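For reference, the structure is listed below as structure tokens.
Read-outs: derived from the displayed coordinates by stated rules, not from any lab. Source: prediction; values computed, not measured. Glycine also receives a Cβ, built like all others from the backbone with ideal geometry; neighbour counts cover every protein chain displayed.
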């Protein structure tokens, strides 16, 4: 029996050019032209009609494929940029057998696939306006935090490690357990804070109490932890009571802007991303005011590079739209400038972005392993795709170097 062929194509053939191809999805040619700027790796694009187009980078790299189910994907990419691409995934407009490989490919020195696929100005304005509405004044900040952290303690407990730590671990070999690497991160925080047993430490954004437990139980510190998530507050209070640490640790449902007093040190682990650029001066002024003279703060912050910061802050990405409304990453130079303008002295910085990539990959593996239990809590397939996209894209961003995480050490003069 003769093969049934698409125009100018043999069945099973991988196409590397649009020459002679007809009836292509609208805007596919424009998207394909951008894809031809692939620097590393290889990407196979499977169209709904069965045709497969290969994009081959100049250098070896990750190998991935996309199966397109909605022909409007390419139009959405041109109109909406990377948000159109990610939102189409949430809606089932495309799939891939290995999402992590695809994300690694896109993040592996292939800036054209992000920077040149920018949404039209009107759509970009709408998303920026929505983001502006979520700016982190006190009332909105609590709503923004609840959007993510009040999904439920049970949800997070299913796939985080036993310490319930939701921030980058610090790996040395990559072979240690996630819980051990999280404790190593906490140890580094305390060491860099330069505090001693009996000192009183303020934690801005205490999560479920992992750092507070470590600092009190293993380093003999007194801790005041702040959160504006009711779910986290209740969990952390119960945790300290169960461990007999309530005498050393106070967990407050309180905004950092409302705290008073001076402390021997401050820890703040990946809370800065929820502050918003407009409130950076307010945040660092609060850090200064809460430190006693000569005391140090250690602030763990996710950063984008200085060169990419202006482009990043002028657009809304997947994380800001779907995961952390009101969120804003830092960049080394502007963050340091605002901190120093607040009267804080820069002491040191330690970057460990590859540890974050490993942390995220382990979270995603655990999330996938526990999905049956998570779905039993009422979460649907769209929710799964959203979290898959979130965890894999972030893991790729840290591995590829477009994001980093740093422990920034600051001192009040």
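Here are the numbers:
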read-out	value
Expected 222 nm ellipticity per residue - DSSP helices of 4 or more, -39500 (n - 2.57), all of the chain, to 500	-13000 deg cm²/dmol
Cα-projected label distance for residue 337 with residue 158, points at 7 Å along beta-carbon direction, nm	4.4
Candidates 199, 258, 310: whichever shows maximal mean-square fluctuation once the chain is modelled as a Gaussian network with Cα springs under 10 Å	258
Helix 230-242 axis, angle to the chain major axis (alpha carbon atoms, nearest 10°)	50
Whole-number percent relative contact order across segment 226-269, with pairs defined as alpha carbons under 8 Å at least 6 apart	48
Inverse of mean 1/r across different Cα pairs in segment 14-119, Kirkwood, Å	13.7
Computed label-point distance, nm, for sites residue 254 and residue 17 using a 7 Å Cα→Cβ extension	7.0
Rounded to 10°, Cα long-axis angle of helix 178-193 versus longest principal axis of the chain	50
Listed residues 396, 307, 31, most fluctuating in the chain (Gaussian network, C-alpha, under 10 Å)	307
Degrees, to the nearest 10: 381-400 long Cα axis against longest axis of the chain	80
Relative contact order of segment 14-119, pairs being alpha-carbon contacts under 8 Å that are 6 or more residues apart, as %	29
Using a Förster distance of 41 Å, the FRET efficiency for residue 307-residue 188 (Cβ separation, nearest 0.05)	0.90
Compactness index (Cα Rg / 2.2 N^0.38 Å), the chain	1.07
Antiparallel bridge percentage (DSSP; both residues within the chain; nearest 5)	45
Convex hull volume per residue for segment 199-327, taking Cα atoms only, in Å³	117
Rg [Å, one decimal], Dmax [Å, integer] - segment 314-413, C-alpha atoms	17.1, 53
Residues 203, 80, 13 arranged by fewest to most Cβ contacts within 10 Å	13, 80, 203
Rel. contact order, % - alpha carbon contacts under 8 angstrom, at least six apart, the chain	16
Extended-chain gain in nm, criterion 0.36 nm per residue less alpha-carbon gap, residue 230 and residue 377	51.0 nm
